[in-house]
Amino acid sequence: MKNIHKADLPLLRQLDNEVHVWFSIPDAVTDSGQLAYYKSILSSEEQQRYQRFHFDKDRHLFLVSHALVRKMLSSYVDVDPADWQFSAGRHGRPEIAGPAGIPALRFNLTHTAGLTGCLVTLDADCGIDAELISRRGDLLAIAGKMFADSELVMLKKLDGRALLEQFFIFWTLREAYCKAVGVGLGFSKKDYAFETESDDGVKIRFDAPASDAEDHWQFTILKPGADHVVAVAVRAEVQSGKDVVHRFIVP
Ligand SMILES: CC(C)(COP(=O)(O)OP(=O)(O)OC[C@H]1O[C@@H](n2cnc3c(N)ncnc32)[C@H](O)[C@@H]1OP(=O)(O)O)[C@@H](O)C(=O)NCCC(=O)NCCS
């Protein structure tokens, strides 16, 4: 592995001040040559997962998503997309495990109907969640079980589209945070609450005794289209907020 100098890698240098979100629309990727290339860069484990999907649309979403991760990571450093190695951290959170000697890139992947997104940071815990805004049962009943009491109170003041959107804002924020800290479904959902109406952005509040530092987290809500809500969580030192830059790309 050759030595990699940040000065030679402009996109990597941007991560000193930014975090990047790369979005792709899976249905827009139809070129057979491109899809064959995506398959060729998957690891054997990813190939096996790819083969196991029952529905074509799920298989396609998996393929575009994992190609997106590999291609975008390779846009930061001189590593072939096929050469990335990943390992599962606590609760299955994927982390970069190789090649050796590369800068401390971190990433998180999300995929949902119609959208896939890959978040990339330099050396910062990070999580992303995208959801299709669609009605799924009794939102207030779900929120009563899954969300903090203050979030439920706010949702009860809303109806129609406003309720639907705010529900998914809370949902994606909570998922993005859980994904950033790498915890699974066992994590208590009532120990923290989001405030989304403050003038200085989204805030997380922890119940005492605090298990985490409120001002060490930066949350961003993105609406990359009319049908989706996306939340990004990045662990950041106090007052060192980074710009969240998002772009659409065909990987
Ligand atoms: C595993 C989990 C993180 C996946 O989230 P999801 O919304 O179903 O799916 P997403 O598309 O956003 O993310 C999936 C990707 O996240 C990554 N991932 C898997 N486990 C992860 C973990 N523990 N932490 C962070 N990322 C994880 C993988 O790259 C995965 O993609 P892959 O399955 O194609 O390899 C989620 O089911 C979970 O356990 N959440 C815990 C938080 C919670 O309780 N949420 C309830 C909302 S209030």
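We did not get these values from a lab; they are worked out from the coordinates using the rules stated. Note that the structure is a prediction, hence the values are computed from the model and not measured. Positions of Cβ are generated from backbone atoms using ideal geometry, with glycine treated the same way; all protein chains shown enter the neighbour counts.
Do you know the relative contact order of region 126-235, to the nearest whole percent, from alpha carbon pairs under 8 angstrom that are 6+ apart?
37 percent
Evaluate E = 1/(1 + (r/R0)^6) for Gln51 and Ser87, where r is the Cβ-Cβ distance and R0 equals 22 Å; express this FRET efficiency to the nearest 0.05.
The formula returns an efficiency of 0.55 here.
So what are the ³J(HN,Hα) numbers for region 14-29, from phi and the Karplus equation (6.51, -1.76, 1.60; θ = phi - 60°), rounded to whole Hz, Gly and Pro as x?
4, 6, 5, 10, 9, 10, 10, 10, 9, 9, 9, 9, x, 5, 7, 9
What does the highest-first list of 118-125, 31-38 look like by mean Cβ count within 10 Å?
The most tightly packed comes first, giving 118-125, 31-38.
According to a simple spin-label model (label point 7 Å from Cα along Cα-to-Cβ), what is the distance in nm between Ala97 and Asp227?
If labels sit at Asp227 and Ala97, their model points lie 3.5 nm apart.
Would you work out the charge dipole size for region 126-235 about its Cα centre, treating the Cβ of every Lys and Arg as +1 and the Cβ of every Asp and Glu as -1, and quote it to the nearest 20 debye?
Rounded to the nearest 20 debye, it is 360 debye.
With a Cα-only, solvent-free Debye model of region 126-235, what are the log10 I(q)/I(0) values at q = 0.10, 0.12, 0.23 Å⁻¹?
Treating every Cα as an identical point scatterer, log10 I(q)/I(0) equals -0.26, -0.37, -1.49.
Tabulate in residue order the Karplus-calculated ³J(HN,Hα) for region 74-84, using 6.51 cos²θ - 1.76 cosθ + 1.60 with θ = phi - 60°, rounded to whole Hz; enter x for Gly and Pro.
Couplings: 6, 7, 9, 9, 7, 10, 5, x, 6, 8, 5 Hz.
Compute the Rg to Rh ratio over region 45-92 from the alpha carbon atoms, using the Kirkwood formula for Rh, and round to two decimal places.
Working: Rg = 12.2 Å, Rh = 12.0 Å.
Result: Rg/Rh = 1.02.
So between Asp16 and Arg136, what do we pick up on full extension, going 0.36 nm a residue minus the alpha carbon distance?
Residue separation times 0.36 nm, minus the Cα-Cα distance, leaves 39.3 nm.
Taking 0.36 nm per intervening residue step and subtracting the Cα-Cα distance, what contour gain separates Asp207 from Ile249 on full extension?
Details: separation 42, 0.36 × 42 = 15.12 nm, distance 3.95 nm.
This chain segment gains 11.2 nm when fully extended.
Might you report the magnitude of the Cβ-based charge dipole of the chain about its Cα centre, with Lys and Arg at +1 and Asp and Glu at -1, to the nearest 20 debye?
Details: 29 positive and 35 negative charges, 129 e Å.
In debye, rounded to 20, the chain gives about 620.
Could you give the spread of the C-alpha atoms of the chain along their three principal axes, from largest to smallest, in whole angstroms?
Computed over the Cα atoms, the extents are 54, 42, 30 Å.
Quick one: if you stick a label point 7 Å off each Cα along the C-beta vector at Lys190 and Ser150, how many nm between them?
My value for the distance between the label points is 1.6 nm.
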